[in-house]
Amino acid sequence: MLDLRALPGRLLRAMLPSACALCGADADAAVCAACEQAYVLPIARCPCCANPAGTLDQGRHCGACLAAQPAFDATLAACDYAAPLDSVVLQLKFGAQLALAPWMARVLYDAIVRSGIALPEVLCPVPLGPARLVERGYNQALEVARPLTRALRLPVAPQLLRRLRDTTAQSGTAPGERKKNVRGAFGVDVAFDLRGRHVGVVDDVMSSGHTLDEVAAVLKRAGAARVTNIVFARTPPHA
């Protein structure tokens, strides 16, 4: 029996066919089910920084986090920032392929449900600097955060965090300079009362972790009790 409720969606897909961003095959989403199954692979990760743990016991922090606890308390990553999924991040960030954001949010939602982590009370995206926001026209972290908050039924606070100054892109900064590059770059809007709250910070990719560490430190100074990073991709340690 024909389901009339599904008819508008079927007609729209027929008139506006979608191609997988990875393999080019016809797909109902930005990435086809076959590519998602092949490349979005759950692996054991450090519960603090989300680096691969090399063990199925995800309750233990990695040696780096035990030696120097970051300001954030936990990190959830859906996948590694590696080929071919790195191209999805780049297409969203630099190619204005905004249709990828809901797919990334759905993959993150699945990872969150699978992990069983404690949900934050509010989500906020990592903000772009004013110049970069004008240049790009959108904040890719916010584009991912919006559908994710709807799926999780959590509020999103795009204005909670503010960039106090533009910084050099971390990807173009020497590893030894990245912590200094983002120091003092963020602030919290005084309109938000964060005392005792659990804040989730959303970003597309986590590389060295210095940006998210600085963000968490700022949130903690503003009263947040716990900070959880929620990122689509995590750069492996060897990259």
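Brief remarks on what is shown
- Per-residue Cβ neighbour counts within 10 Å put F186, F94 in the sequence F94, F186, beginning with the fewest.
- Whichever aspartates and glutamates have a C-alpha closer than 20 Å to that of K179, once near sequence neighbours (fewer than 8 apart) are set aside: D73, D166, D203, D204, D213, E214
- Secondary-structure-derived ellipticity at 222 nm for the chain, considering helices only, amounts to -10000 deg cm²/dmol, per-run term -39500 (n - 2.57) for DSSP H runs with n ≥ 4.
- Full extension of the chain segment joining A151 with D193 gains 12.7 nm, where the gain is 0.36 nm per residue of separation less the Cα-Cα distance.
- Likely footprinting exposure, C20, C79, fewest C-beta neighbours within 10 Å first: C20, C79
- Sites A225 and L119 - FRET efficiency at Förster radius 22 Å, r taken between beta-carbons, to 0.05: 0.95
- Distances between placed amide hydrogens fall under 5 Å for L76 paired with N229, I230, V231, all partners being 5 or more residues away or on another chain.
- Volume in Å³ per residue [convex hull over Cα atoms, computed for the range 117-239]: 111 Å³
- Estimated distance in nm for a label pair at D166 and L133, the labels positioned 7 Å out from Cα along Cα-to-Cβ: 1.4 nm
- Unit Cα scatterers, Debye sum, the chain: log10 I(q)/I(0) for q = 0.07 Å⁻¹: -0.24
- Distant-in-sequence amide H partners of R45 (H built 1.01 Å from N, under 5 Å): A53
- Cβ-to-Cβ counts within 10 Å put Y81, Y39 in ascending order as Y39, Y81, the fewest first.
- Pair L98, K179: separation of 7 Å Cα→Cβ label points (nm): 3.8 nm
- Placing +1 on the Cβ of every Lys and Arg and -1 on the Cβ of every Asp and Glu, with nothing else charged, gives the chain a dipole about its Cα centre of roughly 560 debye.
Readers should treat all values here as calculations from the given coordinates under stated rules, not as data from a laboratory. This is a predicted model, so every value here is computed, not measured. When we count neighbours, we look across all protein chains shown, and the Cβ atoms used for this are built from the backbone with ideal geometry, even at glycine.
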